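A short worksheet on the structure shown next.
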Amino acid sequence: MERSKKETKTLSPIPSLEGLRLEKPSLKELCQKYNIRFKKRLGQNLLLDDNIHRIMVEAAHLNKDDAVIEVGAGLGALTWHLVQHAGKVLAVEIDPSFMPCLEDRFGNLPHVKLFRGDILNHELEDLVHEFIPDAQHYKMISNLPYYITTPILFHFLESSVNVELIVIMVQYEVGLRMSAGFGTKDYGVLSLAVQSLYHVDLIHSVPRTCFVPRPEVDSCIIRLRKIIPPLMTEEKRKKVLQIIRSAFSQRRKSLKNALGKSPLLSYSTSQVLTALHTAGIDPSRRAETLTWNDFVLLTETLENLEPNT
């Protein structure tokens with residue numbers, strides 16, 4: 001995981017907000033006013049230290065050409081910073097009890113769109129087309145709910161929307177998995193899926209004491225910067241990831257057994273052995289010992305075989 005140099009950029013509000021004062025009530029005031037009760041099943045933890053939000057926004061280098069997607073807007077603590085520095089903001093929140101607060105605070109801003117719903121139940125392309133179309137640059141900045149971090153990440157990774165930069169707060173262990181190198185215990189499908197599209201930076205560590213209710217784990221701010229030009233076509237990347245998912249589906253097994261018995265693939269064990277030998281990969285190795293380039297070579301070798309029918 002690359003540690004980012006300290007951000008020193010001074011942010012300026014977008015022109016449409018110059019002279020407009022956005023109120024910034026305390027979280028306690030908002031909770032009392034809107035009778036907020038935190039739901040553990042939705043992984044709701046409010047961040048007490050507003051400096052963390054500022055660090056996230058500075059790490060994203062926002063300007064008026066950026067359209068930002070925020071997942072899990074909550075009471076709008078991070079949203080308050082986003083709307084002042086991005087050209088467009090789409091704030092998504094699953095909990096209807098938070099929506100009156102968000103609507104009162106940001107509903108009158110022309111460049112802000114509020115969407116109540118589960119983002120996993122909606123195609124990202126459809127949301128972007130409806131609410132924030134034709135932006136020059138798309139970015140995602142979010143304090144992701146702990147219980148559903150990985151599915152949301154894959155929702156963005158697998159979307160056709162070109163999200164150039166992602167700044168997210170996640171559990172520290174998820175940050176380690178995203179940035180892990182081969183041969184380590186944290187290395188897996190998430191590591192390879194992320195690193196096949198983005199450079200990974202650790203921006204800031206966030207202790208659990210910064211939240212209420214206090215979670216059981218620490219967090220960190222991760223920045224993902226799109227790799228330009230891409231390593232390969234999206235079609236080929238998805239084929240490689242299918243092999244990777246199969247290899248890691250039975251992590252303790254050898255590549256020969258994991259790939260030869262994978263329900264995701266149509267190759268026999270003998271065909272897998274042939275491909276591994278052709279690629280110069282020991283069949284007894286496990287998935288975590290292979291690099292991205294190893295998986296690419298293995299995928300290309302398997303594609304040259306006739307699938308088992």
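The values are calculated or read from the model by the stated rules, or taken from the named source; none is laboratory data. In this text the structure is predicted, and so the values were computed from the model without any measurement. Neighbour counts are summed over all protein chains in view; Cβ atoms, including those assigned to glycine, are modelled from backbone coordinates with ideal geometry.
A few comments on the model shown:
- Of residues in region 126-162 being of a type outside the set (A, V, I, L, M, F, W, C), in a helix (DSSP H, G or I) and over 16 Å from the mean Cα position of the chain (by Cα), the one farthest from Gln242 (Cα to Cα): Glu130
- Answer from Leu42, Leu144 - the residue that is surrounded by 20 or more Cβ atoms within 10 Å (Cβ to Cβ) and modelled with pLDDT under 95: Leu144
- Any hit, region 210-227, residues being of a type outside the set (Asp, Glu) and assigned to a helix (DSSP H, G or I): yes
- The set of residues in region 197-221 being over 16 Å from the mean Cα position of the chain (by Cα) and of a type in the set (Asp, Glu) consists of Glu216, Asp218.
- Within region 237-295, being in contact with a helix residue (DSSP H, G or I) (Cβ under 7 Å, 6 or more places away or on another chain), of a type in the set (S, T, N, Q) and under 21 Å from Ala180 (Cβ atoms) holds for Ser246, Ser249, Gln250.
- Pro110, sole failed condition from (1) at pLDDT below 95; (2) out of contact with any Leu (no Cβ under 8 Å at 6 or more places or on another chain); (3) in a loop (DSSP other than H, G, I, E, B): (1)
- Qualifying positions in region 252-309 - part of a loop (DSSP other than H, G, I, E, B), within 26 Å of Thr233 (Cβ to Cβ) and at pLDDT 95 or above: Ala279, Gly280, Ile281, Leu290, Thr291
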